[in-house]
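Visitor: Provided herewith is a single structure, encoded as structure tokens, for subsequent inquiry.
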Amino acid sequence: MIDTLLLSRIQFGANISFHILFPTISIALGWFLLYFKIQHNKTGDSSWQDVYQFWVKIFALTFALGVVSGITMSFQFGTNWPGYMEVVGNIAGPLLAYEVLTAFFLEATFLGVMLFGAKRVSQRVHTLSIFLVAFGTTLSAFWIIALNSWMHTPQGFSMVDGRAFADDWFAIIFNPSMPYRLLHMMIASFLTVSFLLAGLSAYRYLRGCRAAANYAVLKLALTSAMILTPVQIVLGDLHGLNTLEYQPAKLAAMEGIWEGGKGVPAVIIGIPDAKTRSNAYEVSIPKLASFYLTHDWNGEVKGLNDFGDKIPPVAPVFFAFRIMVGIGLLMLLASWLGRWQLRGGRELPRWMAKGLVLMTFSGWIGVLAGWYVTEIGRQPYLVTGVLTTAQAVTKLPTGMVLSSLLAYLAVYVGLLLAYIWVVFYLTRKVDDKSMPKASVAPASASATNPLGAQ
Amino acid sequence: MLPDLTTPAGWLPLFFFVAMGIAVLSYVVLDGYDLGVGLLLNRTSDHNKDMMIASIGPFWDANETWIVLGVGLLLVAFPLAHGLVLTELYIPVTAMLIGLILRGVSFDFRVKVDISQKPLWNFLFYLGSLVASVAQGVMIGRLIVGFESGLLGWMFALLVGICLPAGYTLLGSTWLILKTEGELQKQAMGWAKISLWLTAGGVGLVSIATPYFSAEIMSKWFVIPNILWLFPIPILTGALFLVVLKSISALQSGTSRKEWVPFVSVVAIFWLSFFGIAYSIFPYVIVGKMTLWQAAAATESLYVIFWGAIVVLPTILIYTLYSYRVFWGKARELSYQ
């Protein structure tokens, strides 16, 4: 039924999906930029300077998109979910306030110095600015994930007259799921950027660039991915076990387990059907789910049928989970294979370079899939056990919400396409200038585009 | 009418109301000059466009953050009003956000795309600035009339929707007088004079219309003894407009080198206007319907934010001043190197 609730959910989902794409890159890219800058400071090698100069442009563009979509997020709570602040405002308020005060301002202010102040401040201060921007974005992630995790596994509060009141801030912030979710997201950010670095470097490589700097970035990116992918998989597993304990309905949806019990099979293929409360075309391995969830072939696992109608939409959670895991495995394969192929300074095979180019934005797919698992998986709750999404939604007419949704979607699709296009365009331009016989745009054309003419 | 201000339940919400007011005022002045420059962007040559953007480039991100603080404080300190206010302002808020999105991304896209596409992004920069400014004006107008749904209430909102961009243009052009030189600076002086009349007219109209909408507001202003200590405000505002006019003329004829006077005077006009609105609205968060005490969050939660805020806000101010110091002087071409 297309009603205000569904439209508001889609709108919030669209806004936050668009938003998350950019801080996911900004967080890790800020730290990579710091690394490039420090390498340049240490070695004086101008290749590090070139690498920094290229990636800072990507960073600036990404950061801008993250900021403007982030500002939109801060209004979404009020425009479409007034019930949220009414019920849990005493918890959400301070956490959001600290995010803005300690992080948003920090990164926004020092961004100006970082981007445009290189000639106006000492090298030390400039490097410090980069650090503060990277630190600010990371700190933002900390506060936001603390709040988001509390919504999943709330603790440290009491309900009085239908409103939540804080009892123990340490318990609120460091709630059961928080450490797992924060680490999982941070590593996801680094993996996303690793594949972005690898993909764009591979793109240049395919076009004939054999610059040492490009090869160095490619190697760095694949090394980083190679180390972090297995870590992320282990962390994901631990996160899953935490979800099993605190949000069993979500876990059951992820696994497609309708009937709980002992010795539960692992569903490999299937199409969850909410009406029949079973999976069509199911292919499963007996007892396997019990084994990897409880480490006992006959362990007890709850199924969706144990939760009545307090279950999330199963199909989206089930498939998003599979997509996320699939991307993870693909990343594992690509990073290990690719890094191995680069051993001892070897050439990267063309087919591998093409594969890496295709995986440039694989991190985005993994991140979105993962966030859909966790957020859709939390339904019907907005705050588990405390407030349902339906209770919090606005009473505005459907037409109004539909108009705003369509407006946002139009803007977002346009900007996303522009972003991806510009990212590849900038990559091509670097080579057009650095490769002597390649086609070069007339000098005057870039004369009035000061930031583009590097 | 006022609760006991010696208790935390009394003064904490008031502190946050003032803090929220300061955040909104800071936003209006700071992003005001960014938006003002954006509104003027298409009136000059391509090279000058780059200089205009260069004058605001290092600051816009941090400037925009003040609106997040403002709505954030509404969200965290006055949760019971937050949902109501944003529901009433649903359409202008959506328009404003889209305007801010377009403006913000155009900063970056315009200098990273192929030169043939730059005019498109320059236009989107202007369009975003326009939509955001008009939307903000409408929001302020709706707020002042307490979201009254009559035709006059909406017409008033539209009036403010035109006046605020005029004010931003004044702010933006006087900022350019301060930060640029040569031909662009001369153009800015011309723009400033035109927007001066528009802004003065706007401030006058809004000042007259506001008390008309609410007997309560009327009685706060047009009553002895209030009017005795309040009347300096409109007088001072009028005087400041004259100062702006005079100082720009002096700069144009070369009899003065004080390039900061116009901008500082306009900022002062904004402060006075803001104080006027705040005084009219106080103690309501939703005029005529919900006071700030009725809307406030639990005292305990306010305390948590309070202790953080009094440590962090001064820090923010210090490093903000530092960043303005780094970029002091005339605007120079922006470069990442």
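Values quoted throughout were computed directly from the atomic coordinates according to the rules given, and no laboratory measurement underlies them. The model shown is predicted, which means the values in this text are computed figures rather than measured ones. All Cβ positions, glycine included, derive from the backbone under ideal geometry; neighbour counts span all protein chains shown.
Visitor: Per-residue mean of other chain beta-carbon atoms within 10 angstrom of the beta-carbon, peptide B:102-110?
Guide: 6
Visitor: Working from Cα positions, state the angle (0 to 90°, nearest 10) between the long axis of helix B:8-40 and the longest principal axis of chain B.
Guide: The angle comes out at about 20 degrees.
Visitor: Separate question: So if we plug the beta-carbon distance of residue B:226 and residue B:7 into 1/(1 + (r/R0)^6) with R0 = 30 Å, what FRET efficiency do we get, rounded to 0.05? Kindly include the intermediate steps, with their values, before the conclusion.
Guide: On the way: r = 27 Å, r/R0 = 0.89.
For residue B:226 and residue B:7, the calculated efficiency is 0.65.
Visitor: Also: Using only Cα atoms, locate the centre of segment A:212-278 and the centre of segment B:291-334, then give the distance between them in Å, rounded to an integer.
Guide: 40
Visitor: Restricting to DSSP H runs of at least four residues, report the calculated mean residue ellipticity at 222 nm for chain A, -39500 (n - 2.57) per run over all residues, nearest 500 deg cm²/dmol. Working shown, then result.
Guide: On the way: 16 runs with 317 residues, N = 454.
That calculation yields -24000 deg cm²/dmol at 222 nm.
Visitor: Right, here's the next one. Where in segment B:2-25 does the amide nitrogen come within less than 19 Å of the point 7 Å from the Cα of residue B:313, taken along Cα to Cβ?
Guide: B:5-25
Visitor: Filter A:429/B:112; B:186/B:330; A:57/B:330; B:118/B:193; A:57/B:49; A:57/A:429 down to the pairs with a C-alpha to C-alpha distance above 18 Å, please.
Guide: A:57/B:330; B:118/B:193; A:57/B:49
Visitor: Which one of A:96, A:85, A:186 has its Cα pushed farthest toward the positive end of the charge dipole of segment A:38-190, where Lys and Arg give +1 and Asp and Glu give -1 at the Cβ?
Guide: A:186
Visitor: If you place +1 on the Cβ of every Lys and Arg, -1 on the Cβ of every Asp and Glu, and leave all else neutral, what size is the dipole of segment B:84-189 about its Cα centre, to the nearest 20 Debye?
Guide: Result for segment B:84-189 is approximately 180 debye, rounded to the nearest 20.
Visitor: How big is the protein assembly as shown on each of its three principal axes, counting only the C-alpha atoms and giving the largest first in Å?
Guide: The Cα atoms of the protein assembly as shown stretch 85, 72, 43 Å along the principal axes, largest first.
Visitor: Students often check this: by mean Cβ neighbours within 10 Å, which of A:391-400, B:120-129 ranks highest, and how do the rest follow? Present the calculation step by step, with values, prior to reporting the outcome.
Guide: On the way: A:391-400: 16.4, B:120-129: 20.6.
The most tightly packed comes first, giving B:120-129, A:391-400.
Visitor: Right, something else. Rank B:302, B:182, A:34 by how far each Cα sits towards the positive end of the charge dipole of the protein assembly as shown (+1 on Lys, Arg Cβ; -1 on Asp, Glu Cβ) and give me just the farthest.
Guide: Ranked along the dipole, the leading option is B:182.
Visitor: Would you mind ranking A:81, B:293 so that the residue whose beta carbon has the fewest other beta carbons within 10 Å leads the list?
Guide: B:293, A:81
Visitor: Return the Rg/Rh ratio of segment B:94-230 with Cα-based radii and a Kirkwood Rh.
Guide: For segment B:94-230, the value is 1.09.
Visitor: Can you tell me the 0 to 90 degree angle between the C-alpha axis of helix B:118-144 and the longest principal axis of chain B, rounded to 10?
Guide: 20
Visitor: Now for a different question. Figure the gain on full extension for residue A:160 and residue A:350 (residue separation times 0.36 nm, minus the Cα-Cα span) and round it to one decimal in nm.
Guide: 62.0 nm
Visitor: Follow-up question, since we're still on this one. What helices does chain A have that are whole DSSP H segments, at least 20 Å long along their own axis by Cα, and with mean Kyte-Doolittle hydropathy of -1.0 or more?
Guide: Working: long enough: A:4-43 (58 Å, 0.73); A:46-80 (50 Å, 0.63); A:82-98 (21 Å, 0.71); A:123-152 (43 Å, 0.94); A:178-206 (41 Å, 1.06); A:212-246 (49 Å, 0.87); A:314-341 (40 Å, 1.44); A:362-377 (22 Å, 0.83); A:398-434 (54 Å, 1.09).
Long hydrophobic helices here: A:4-43, A:46-80, A:82-98, A:123-152, A:178-206, A:212-246, A:314-341, A:362-377, A:398-434.
Visitor: Here's a follow-up. Calculate how steeply helix B:151-179 sits against the longest principal axis of the alpha-carbon atoms of chain B, using the helix alpha-carbon long axis, and give the answer as 0 to 90 degrees to the nearest 10.
Guide: Orientation of helix B:151-179: about 40 degrees from the principal axis.
Visitor: Mind running the shape call on segment A:367-423? Use the C-alpha gyration tensor, a ≥ b ≥ c as the square roots of the eigenvalues: rounded below 1.5 for a/c, prolate if a/b tops b/c, oblate otherwise.
Guide: oblate
Visitor: Right, something else. Using a basic spin-label model with each label point 7 Å from the Cα along Cα→Cβ, how many nm lie between residue A:45 and residue B:337?
Guide: Simple spin-label model gives 2.1 nm for this pair.
Visitor: Helix-derived [θ] at 222 nm for chain B: sum -39500 (n - 2.57) over DSSP H runs of at least 4, divide by residue count, nearest 500?
Guide: Counting only the DSSP helices, I get -27500 deg cm²/dmol.
Visitor: If you take all C-alpha pairs in chain A, what percent of them are over 29 Å apart?
Guide: Distances greater than 29 Å cover 53 percent of the Cα pairs.
Visitor: Now, a different point. For segment B:1-128, which semi-axes, largest first and in whole Å, follow from the square roots of 5 times the eigenvalues of its Cα gyration tensor?
Guide: Rounded to whole Å, the semi-axes are 37, 15, 10.
Visitor: Under a point-charge model restricted to the Cβ atoms of Lys and Arg (+1) and Asp and Glu (-1), what is the dipole moment magnitude of segment A:251-313 relative to its Cα centre, in debye to the nearest 20?
Guide: Details: 6 positive and 8 negative charges, 7 e Å.
For this selection, approximately 40 debye.
Visitor: Give me the distance between the Cα centres of segment A:53-102 and segment B:1-31, rounded to whole Å.
Guide: Each part's Cα centre sits 22 Å from the other's.
Visitor: Let me ask another. Using the basic label-point model (7 angstrom from Cα toward the beta carbon), what is the residue A:395 to residue B:235 distance in nanometres?
Guide: 4.9
Visitor: Using the basic label-point model (7 angstrom from Cα toward the beta carbon), what is the residue B:256 to residue B:18 distance in nanometres?
Guide: Simple spin-label model gives 3.3 nm for this pair.
Visitor: A further question follows. Using +1 on the beta carbon of Lys and Arg, -1 on that of Asp and Glu, and nothing else charged, what's the dipole of chain A about the Cα centre, debye to 20?
Guide: Details: 32 positive and 23 negative charges, 398 e Å.
The calculated dipole for chain A is roughly 1920 debye.
Visitor: Other chains' Cβ within 10 Å of A:405-416 residues: what's the mean?
Guide: Working: counts 1, 0, 4, 4, 0, 1, 5, 1, 0, 3, 4, 0.
Rounded to a whole number, the mean comes out at 2.
Visitor: Moving on to the next point. For A:81-87, what's the mean count of beta carbons from other chains sitting within 10 Å of each residue's beta carbon? Show your work: numbers first, answer last.
Guide: Details: counts 2, 9, 1, 4, 11, 5, 1.
Going residue by residue through A:81-87 and averaging, the value is 5.
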